[in-house]
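Encoded as structure tokens, the structure appears first; notes follow it.
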Amino acid sequence: MTTLITVLALVMAVGAAVRSTWSPCGLSMLSTITPIGEQARGARFATSATWFVVGGVAGGATLGGALALVAVGIGALHLTAGTIGIVAGLAALVAAVSDSRITGRQIPIHRRQVNEVWLDRFRPWVYGAGFGWQIGSGVVTYIMTSAVYLIAVLAVMTGNPWTALGVGVLFGTVRGLAVLLGRGITTPARLASFHRRFAQLEPMSRRVIVVMEVAVATVVAGVLWPPAAAAVVALVALGWAVGRQVRVPEEQCAVPGPATQSSAPAESDSKVDPASVAEATPALG
């Protein structure tokens, strides 16, 4: 069971990190640390992005370190495979229910954003590493998915501190590398176009993470007792059918529109006006 939980924790760490890339407005840090943004601040994207990735890895290591301490305690309890599986399976089900919003409720989260003042006050390596650490730690900034809580549960239930540390580092690394998705944003028009497409993918990212959470619950249930897997599938199907009747308001965001595009030609390589970048760049989350 421990090996299975380890594999599931690593897979979910990647899934949770990818899903976490979306901020409430579907833009996240990809709005700010971009070639156009760094040029406007007189910095190099390669430098800021590198430090962001380094910070993300460090943030993940911080998260993993905290999970490792808990994992040591869990390991000392010498829990049975059944107990480990039940805890992991229930955690996955709770996460799936929360992220699917079929009940109209979610696991409580905080909505903290990083401090944008850093962009003007500090050097690129400072805000790059600082933002990266906060985002890579998973729980310091806005939590987009209950899968973040799930990977914490899975990591500590392995009872292995090194595994828990690895799960955290993997999560932070993927979160940090996400900044590279914006490497082609060199004009205001490309910024607007990228974020329109990015926002369109948000609903799919939520469905994918819910499917992953349900899969974790199903796999664990199947290992504990094969008929339980069928029960999980039936429960999820029933919840989905009922949940279709529940309307949960989605948070809306303003995606850069045509007015932003007109500020610069789509393929222009000319110097960037900082004012136009400030207009086109949504809040970092």
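The values are calculated or read from the model by the stated rules, or taken from the named source; none is laboratory data. The shown structure was predicted, so the numbers you read here are calculated from the model rather than taken from an experiment. Methodologically, a virtual Cβ is constructed for each residue, glycine included, from the backbone with ideal geometry; neighbour enumeration extends over all protein chains shown.
Does Ala66 satisfy the criteria of being modelled with pLDDT of 95 or more and over 16 Å from Ala147 (Cβ atoms)? Judged against the criteria, Ala66 is a match. Note on segment 149-180: residues that are modelled with pLDDT under 95 and either in contact with a Phe, Trp or Tyr (Cβ under 8 Å, 6 or more places away or on another chain) or of a type in the set (Ser, Thr, Tyr) (or both) amount to 2. Only one of the listed residues (Arg207, Arg196) is assigned to a helix (DSSP H, G or I), more than 28 Å from Thr62 (Cβ to Cβ), touching a Pro at 6+ places or on another chain (Cβ under 8 Å) and among the basic types (Lys, Arg). That residue is Arg196. The single condition among (1) surrounded by fewer than 17 Cβ atoms within 10 Å (Cβ to Cβ); (2) more than 24 Å from Thr145 (Cα to Cα); (3) not β-branched (Val, Ile, Thr) that Ser48 does not satisfy is (1).
Of all residues in segment 68-83, none that is in a loop (DSSP other than H, G, I, E, B) has its Cβ atom under 9 Å from the Cβ atom of a residue that is loosely packed, with under 11 Cβ neighbours inside 10 Å and not hydrophobic (A, V, I, L, M, F, W, C), 6 or more apart or on another chain. Any idea which of Gly65, Gly60 is crowded, with 21+ Cβ neighbours inside 10 Å, touching a helix residue (DSSP H, G or I) at 6+ places or on another chain (Cβ under 8 Å) and assigned to a helix (DSSP H, G or I)? Going through Gly65, Gly60 in turn, the sole match is Gly60. Looking across segment 210-231, just one residue is crowded, with 22+ Cβ neighbours inside 10 Å and either modelled with pLDDT under 85 or in contact with a Ser or Thr (Cβ under 6 Å, 6 or more places away or on another chain) (or both), and that is Val210. Of all residues in segment 32-67, those that are without any contact (Cβ under 8 Å) to a residue 12 or more places away in the chain and among the hydroxyl-bearing types (Ser, Thr, Tyr) total 0. Among the residues making up segment 162-210, those that are closer than 17 Å to Ala147 by Cα and not aliphatic (A, V, I, L, M) are Gly166, Gly168, Phe171, Gly172, Thr173, Arg175, Glu202, Pro203, Ser205, Arg206, Arg207. In segment 216-229, the residues that are under 16 Å from Met12 (Cβ atoms) and of a type in the set (Ser, Thr, Tyr) reach residues that are part of a helix (DSSP H, G or I) and modelled with pLDDT under 85 with C-beta atoms within less than 7 angstrom, at least six apart or across chains, in these pairs: Thr218/Ala229; Thr218/Val232; Thr218/Val233.
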